[in-house]
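The values are calculated or read from the model by the stated rules, or taken from the named source; none is laboratory data. Because the structure is predicted, anything quoted here is derived from the model rather than measured. FYI the Cβ positions are ideal-geometry reconstructions off the backbone, even for glycines, and counts take in every protein chain you see. Remember, those area values only see protein heavy atoms, side chains included, never the ligands or the DNA or RNA. Shrake-Rupley method; radii C 1.70, N 1.55, O 1.52, S 1.80 Å.
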Amino acid sequence: LTDFFSKASDRIKDAFRVPVPCGCMSAYVMDQPHWALFQLNKHTAKVQSDLRDFAQLNSLLDALKHTLINLDVTTIGAPVKQFSSLASERLARLNKVVGEVNLAGFPLPPGNSVAL
């Protein structure tokens, strides 16, 4: 797409160029361009701008792909294990509190939670 639209401006001019027998009128015709020529050039410029923006997104996605493919799981293993152990401790405390409340005969009302 980028190659096509980079050459589109010249192709559009060629399409509106005056044929060879009347070539002497080319300057006159190009000084007063047709509405379609103006619109095509305007839309071509817009698409070229959008493609430049898309190229930035594409480079970002390529970098992300490279990062994910080359991800070393051992570097994230330690934080995950630490989170797991902290969560296990909190869950054990919560289970202990709930068990004590149930043993005391005080069932928790629905929708209430236990604050640690």
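I'd like the residue in the range 50-77 that is closer than 30 Å to residue 15 by Cα and of a type outside the set (D, E, K, R) and, out of all such residues, is modelled with the highest pLDDT.
Pass one, the range 50-77, residues closer than 30 Å to residue 15 by Cα: 50-55.
Subset that is of a type outside the set (D, E, K, R): 51, 54-55.
Details: 51: 87, 54: 84, 55: 83.
Checked the range 50-77; the qualifying residue modelled with the highest pLDDT is 51.
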Inset, instruction - Looking at (1) open to solvent by less than 70 Å² (accessible area, probe 1.4 Å); (2) farther than 17 Å from residue 8 by Cβ; (3) at pLDDT 85 or above, find the lone condition where residue 47 falls short. - result: (2)
Inset, instruction - Might you let me know whether the range 3-24 holds any residue that is surrounded by 12 or more Cβ atoms within 10 Å (Cβ to Cβ) and among the polar types (S, T, N, Q)? - result: yes
